[in-house]
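The values are calculated or read from the model by the stated rules, or taken from the named source; none is laboratory data. Computed from a predicted model, the values in this text were never measured in an experiment. Positions of Cβ are backbone-derived with ideal geometry, glycine not excepted, and every protein chain shown enters the neighbour counts. Just the protein is used for accessible areas: all its heavy atoms, side chains included, with ligands, DNA and RNA removed. Shrake-Rupley method; radii C 1.70, N 1.55, O 1.52, S 1.80 Å.
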Amino acid sequence: IAGDSTAASGSGRVQGWGVPFAAYFDSAKVNIANRARGGRSSRTFITEGLWERMLAEVKAGDIVLIQFGHNDVGALNDEPPPPLRARGSIPGTGDETKEIDNVVTKKHEIVLTFGAYIRKYIADTRAKGATPIVLSLTTRDEWKDGKVERGFGHSREWSGEVAKAQHVGFIDLTALIADRYEQLGQEKTKELFPADST
C-alpha cells in the first residue's frame with residue numbers, strides 16, 4: 001500500500017484503513033505490506049525516497065494499491081505561515097511541470113501534476129510485473145445539509161481518469177465510504193474520528 005495517513009499505521013484509535021485491511025486476509029497466504037506514511041502526497045512519497053524503497057520490495061505477481069490526494073492540495077513550495085511543507089502537486093492530469101528550489105529540502109525539483117505522479121506509480125508497478133490498483137481518497141467527516149463531503153479538490157476525479165486511461169483497476173473509495181457514512185448518520189460517523197475530521 002502506497003499512500004498517506006488515511007491508510008497508514010497510527011497509534012491507538014487513530015489509524016488508516018491499511019491496518020484493519022490486513023485482517024481480511026490469511027497471513028499465511030497473503031502478506032500485506034503497508035508502506036503508507038502520514039503527511040505524504042503523491043509527490044513527496046516519491047521525492048522522499050519512500051516509493052523507491054517500497055518498489056524494491058515489489059515482486060512480480062504482487063498487487064500495489066495506490067491512494068493519494070489529501071496532501072496534494074496546497075502550495076508547491078512556499079506555504080506561509082509555517083510549518084513549511086512543500087508537498088503540493090500541480091492540479092490536473094496533464095504533463096505540466098514547474099521548476100522550484102524546494103524550501104524544505106533545499107534541492108532543485110521539477111514538480112509534476114497529480115495525474116503524472118499517479119501515472120509514474122502505475123508504470124513503475126507494471127515494470128516490476130505487479131498489478132497496480134488506484135484508489136480515490138478517503139472521505140473526511142465534513143457535512144453540509146445532511147450530506148457528507150465526497151472528496152475535496154479534484155483528486156478523486158483525476159485518480160479515476162488516470163486509472164481509466166491507463167487501463168488499471170480503480171476503486172472509488174470516496175463514494176464507498178461516503179455512502180456508508182450517510183447510512184450511519186452524522187453522529188455515528190463522528191465516533192470514527194477520534195483526532196480530527198480526516
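Selection within the range 4-16: residues that are within 20 Å of Y121 (Cα to Cα) and out of contact with any Lys or Arg (no Cβ under 8 Å at 6 or more places or on another chain). The member of this set that is surrounded by the fewest Cβ atoms within 10 Å (Cβ to Cβ) is T6.
Which condition from (1) farther than 21 Å from E52 by Cβ; (2) in a loop (DSSP other than H, G, I, E, B) is the one that W158 breaks? The number of the failed condition is (2).
Please indicate, with yes or no, whether at least one residue in the range 134-142 is open to solvent by less than 30 Å² (accessible area, probe 1.4 Å), of a type outside the set (S, T, N, Q) and over 21 Å from S5 (Cα atoms). Looking for residues that are open to solvent by less than 30 Å² (accessible area, probe 1.4 Å), of a type outside the set (S, T, N, Q) and over 21 Å from S5 (Cα atoms), one finds none in the range 134-142, hence no. Put simply, of D179, D172 the only residue that is more than 18 Å from F45 (Cα to Cα), modelled with pLDDT of 95 or more and open to solvent by 50 Å² or more (accessible area, probe 1.4 Å) is D179. Of the residues in the range 9-29, how many are under 18 Å from A195 (Cα atoms) and hydroxyl-bearing (S, T, Y)? Counting residues in the range 9-29 that are under 18 Å from A195 (Cα atoms) and hydroxyl-bearing (S, T, Y) gives 2. Summed over the range 168-180, residues that are farther than 15 Å from R156 by Cβ and assigned to a helix (DSSP H, G or I) total 1.
Residues that are of a type outside the set (G, A, S) and crowded, with 18+ Cβ neighbours inside 10 Å within the range 86-108 comprise R87, I90, T93, listed in sequence order. Applying the condition of being among the β-branched types (V, I, T) and open to solvent by 10 Å² or more (accessible area, probe 1.4 Å) to the range 45-70 and asking which residue is nearest to T131 (Cα to Cα) yields I63.
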